[in-house]
1. Being assigned to a strand (DSSP E or B) and within 21 Å of PRO35 (Cα to Cα) is the filter here; which residues of region 73-89 pass it?
2. What pairs come out if I take residues in region 44-72 that are over 16 Å from GLY26 (Cβ atoms) and part of a loop (DSSP other than H, G, I, E, B) and pair them with residues that are of a type in the set (S, T, N, Q) and at pLDDT 95 or above whose C-beta lies under 7 Å away, six or more apart or interchain?
3. Give me the pairs: first residue in region 19-36 and surrounded by 11 or more Cβ atoms within 10 Å (Cβ to Cβ), second residue assigned to a loop (DSSP other than H, G, I, E, B), beta-carbon distance under 7 Å, and six or more apart or on different chains, which are they?
4. Can you find a residue in region 72-93 that is within 17 Å of VAL22 (Cβ to Cβ), crowded, with 20+ Cβ neighbours inside 10 Å and in contact with a Cys (Cβ under 6 Å, 6 or more places away or on another chain)?
5. Quick check on SER6: is it at pLDDT below 95 and either open to solvent by less than 30 Å² (accessible area, probe 1.4 Å) or not acidic (Asp, Glu) (or both)?
6. Please verify whether region 116-123 includes one or more residues that are in contact with a Lys or Arg (Cβ under 8 Å, 6 or more places away or on another chain) and either within 15 Å of GLY26 (Cβ to Cβ) or buried (at least 19 other Cβ atoms within 10 Å of the Cβ) (or both).
7. Out of (1) outside any strand (DSSP E or B); (2) within 12 Å of the chain's Cα centre (by Cα); (3) closer than 19 Å to LEU32 by Cβ, what's the single condition that is false for ALA107?
Amino acid sequence: AYTSYSDVRLLPNTYATGGTTVMQNGVDILDLAGPTGSFDVFSLVVPTGTDSLVVDLNATGDVDLYLDLGRIPTLNNYQCASFTPTGSERCVILAPTAGTWTVRIDAYASYSAGTLRGTYFSPAAAR
């Protein structure tokens, strides 16, 4: 038997690359691109004692940046978001909790020539 529903909206779950890409500290991920409505997911493991976490995204087009700890951020639930009408986005987390941080880049409009970098900074060693 079938059930009738009203006021229901189906949303596509699309990934430009098909999964989560692991980031390395301070290393660029190059040549990112995606059609309007797509998103890509990346992860970066941040160690204990980190002073700050900075994630930069630069692309041609309108792409947004979301960041969360331990889960994929959504458009409404995140620890940091940057969604200017350009392809230049930045998230900064001061004294981030150690663990796996997840980055979501969301194509508000199609984008290309994207570069993503996640960098964590630790305090200088005592001398």
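1. If the condition is that a residue be assigned to a strand (DSSP E or B) and within 21 Å of PRO35 (Cα to Cα), then ALA81, SER82, SER88, GLU89 are the ones that fit.
2. Matching pairs, first to second residue: GLY70/THR100; ARG71/THR102; ILE72/THR102.
3. Hits for this filter: ILE29/MET23.
4. Among the residues of region 72-93, not one is within 17 Å of VAL22 (Cβ to Cβ), crowded, with 20+ Cβ neighbours inside 10 Å and in contact with a Cys (Cβ under 6 Å, 6 or more places away or on another chain), which makes the answer no.
5. So SER6 passes the test.
6. No; the residues of region 116-123 include none that is in contact with a Lys or Arg (Cβ under 8 Å, 6 or more places away or on another chain) and either within 15 Å of GLY26 (Cβ to Cβ) or buried (at least 19 other Cβ atoms within 10 Å of the Cβ) (or both).
7. Of (1) outside any strand (DSSP E or B); (2) within 12 Å of the chain's Cα centre (by Cα); (3) closer than 19 Å to LEU32 by Cβ, only one is false for ALA107: (1).
The values are calculated or read from the model by the stated rules, or taken from the named source; none is laboratory data. Owing to the predicted nature of the structure, the values given are computational and were not obtained by experimental measurement. So basically every Cβ, Gly included, is an ideal-geometry build from the backbone, and we count neighbours across all protein chains shown. Protein only, heavy atoms only, side chains kept; ligands, DNA and RNA dropped before computing areas. Shrake-Rupley method; radii C 1.70, N 1.55, O 1.52, S 1.80 Å.
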